[in-house]
Amino acid sequence: MCTLHFPVQMQSDIRTALHVAFSSVGSLSPFRRSTLSLPPRCLRPAASLGLLSRPFSTAASLPDKPSICTADELHYVSLPNSYWRLALWRYHPPPQATPRNHPLLLLSGVGTNAIGYDLSPESSFARYMSGQGFDTWILEVRGAGLSVQGSNFKEIKESANAVSEQMEAVAKGVTNGVSPVQQPNNVSDTLSDSEISHFGQDSIGIATAWDESKLVSKLTEILMRLSERLSGFLSDGQSMLISAKLFDQISNLLEGSQLSDRFEEVRANLSNLLEKQQNSGVTSQIRDLSQRLVNIIEEGQRSVSPQFIDMQERLSSTIEDFQKQLDLIVKYDWDFDHYLEEDVPAAMEYITAQTKPKDGKLLAVGHSMGGILLYAKLARCGFEGREPELKAVVTLASSLDYTSSNSTLKLLLPLADPAQALNVPVVPLGAMLAAAYPLSSRPPYILARLNNLISAEDMMHPELLKKLVLNNFCTIPAKLLLQLTSAFRERGLCDRSGKFFFKDHLHKSNVPVLAIAGDQDLICPPEAVEETVKLLPQNLVTYKIFGEHQGPHYAHYDLVGGRLAVEQVYPCIIQFLSQHDD
């Protein structure tokens, strides 16, 4: 069952297949729902930032729990100084199960939610763990699954139900042969082609009629937000990169005309103002320059040159698309460090308060990025000389260093350029996979190879694979991917400052670790897992690879949802956790 068989080579045309998946999203139509319009962090009332007085729980008759949630209870934990409310799926152990001393926390991979741990009653990892006596909790970090933004119980409940209905609608639409409709969590507008240009989505203008006053106001508002650095969300350099992109788009409208020189003068003055600290004088000057810019476009519109036909509408469209990009940057302003420093500690504190283990510690299992979070926590606590409050951890297909492997995650490396990350502020992974699913599951099976990234051949029931693809994936901020790509560079994953390398401090951990790899995992191959395993104290780490030379094989998600995981992988984890729970 446990061998040292290494994965097959990454298919040479996987990049091409992924591009097909991207292009298919262009057919998605807008999906709008009621969402919270939140003010910038600095403008939020202090009273609204505290913890909720009670969790959103359905422990009794479950009448109010969103239908997509299959846990026994659904709790919400607040984050300090944030409107985010993180979802915690709870599974109670049955009365006849062996009593355990520690609760169990499950952490999911990047851009995924709790469903991957609970695909069906027969193959549910969470149900299996609770059936073995562990009080089991799945954390959905910000932006994932049923985690929502809200300032009170009613808003949280409404948003959670809306997300649940949206996820079910996607699966139902694909089943009925309808193009899936899926939006990034907690974003009310569709992604524009200026934000994800290779999707091929048509640009949406804000008006067809020329309204100079509104256009000036909208342009002034955008430039003021950039001048303020989006209330702290962007650095000076990022703000200048984004403003330069807007000016370039407007410059293209005037290219080759006698108006270009006048625009360049206005552009230079605006760029200079954006570099200054905002004050009342800057505000007035930005508005005056916005008016001059609009006047230049209006003058071009009055010319008889075919070049300037519909220029007003094109400027309106450019400004609207740019506004959407700024909104996405603000809404998706988090990275790996936010998960590590805020989300996971808040969940652990909440679970500890609810379950009250005698030593105040938890057991934890992390799949993919979930395991990376656990490694990073052990490294950080070892460096700071503090207790990680973890009794033992299990990592599934996780590593801090992918440099020695042929992981398909290397396809993310183009996003390592900060300018590209700002140009594409989010990657709607859920929408892309939902759009690509019909092409991979029905003839002519154009994208069938994508399934190999998720599950090895014959390892997951087709209906479970479908549920995983359609309901388990979410939208990923480019900032998060930007930080994770450091795992493909020398010294491995680092924090957002680029100065703290987690693998350098992993040897200081005193927590037992079981590290598990799948023999045909193309995302986190065994050699990547080994890179991290060899850094841990050898008396505290156990390393296993699942998969046989002649089969069965294990890909990335088979470790938590494959048909043989219940017989082979889960008992191995239970044995390890039981040993350290005592």
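Please give the peptides 121-130, 345-354 ranked by average Cβ packing (other Cβ atoms within 10 Å per residue), highest first, as a rough proxy for protection.
For the peptides 121-130, 345-354, the packing ranking is 121-130, 345-354.
Share of Cα-Cα pairs in region 447-494 beyond 15 Å, in percent?
When every Cα pair of region 447-494 is considered, 61 percent fall beyond 15 Å.
Reachable lysines from K157, Cα under 19 Å, same-chain residues fewer than 8 places away excluded?
Straight-line reach from K157, under 19 Å: K65.
Which percent of the accessible area of region 228-277 is formed by carbon and sulfur heavy atoms (probe 1.4 angstrom)?
In region 228-277, the share of accessible area belonging to carbon and sulfur is 43 percent.
In Å², and per residue, what accessible area does region 473-582 have when probed at 1.4 Å with the other protein chains present?
I get 36 Å² per residue for region 473-582.
Could you look at region 472-543 and say what percent of its accessible area is carbon and sulfur, using a 1.4 Å probe and all protein chains? Please report the intermediate quantities before stating the final value.
Values: 1250 of 2500 Å².
About 50 percent, which is the carbon plus sulfur part of the accessible surface.
Quick check on my link table: of K331/K499; K154/K410; K361/K467, which ones sit more than 31 Å apart, alpha carbon to alpha carbon? Kindly include the intermediate steps, with their values, before the conclusion.
Values: K331/K499 26 Å; K154/K410 42 Å; K361/K467 33 Å.
As for pairs spanning more than 31 Å Cα to Cα, those are K154/K410; K361/K467.
Between Q96 and E548, what is 0.36 nm times their sequence separation minus the Cα-Cα distance? Round to one decimal in nm.
In short, 159.2 nm is gained.
For R449, what accessible area in Å² do you get when you roll a 1.4 Å probe over the heavy atoms of the protein chains, rounding to the nearest 10?
Answer for R449: close to 100 Å² accessible.
List the chymotrypsin sites (Phe, Trp or Tyr not before Pro) within region 497-563 that fall in a DSSP loop (any state other than H, G, I, E or B) and whose Cβ has at most 16 other Cβ atoms within 10 Å.
F500
Multiplying the sequence separation of S67 and S213 by 0.36 nm and subtracting their Cα-Cα distance, what value in nm do you get?
Length difference between fully extended and current span is 47.9 nm.
Which of the GluC sites (Glu not before Pro) found in region 444-497 are in a DSSP loop and have at most 12 neighbouring Cβ atoms, other than their own, within 10 Å?
Taking region 444-497 and a limit of 12 other Cβ atoms within 10 Å, the loop GluC sites (Glu not before Pro) found are E457, E490.
Label points 7 Å out from Cα along the Cβ direction at E299 and N252: separation in nm?
2.4
Express the accessible area of region 69-124 per residue in Å², computed with a 1.4 Å probe while the remaining protein chains stay in the model. Don't jump to the answer; show the numbers that get you there.
On the way: 1640 Å² over 56 residues.
Value returned for region 69-124: 29 Å² of accessible area per residue.
The values are calculated or read from the model by the stated rules, or taken from the named source; none is laboratory data. Keep in mind that what you see is a predicted model, and the values were worked out from it rather than measured. Backbone-built Cβ (ideal geometry, glycine too); neighbour counts: all protein chains shown. These area figures cover heavy atoms from the full protein model, side chains too; ligands, DNA and RNA do not enter into them. Shrake-Rupley method; radii C 1.70, N 1.55, O 1.52, S 1.80 Å.
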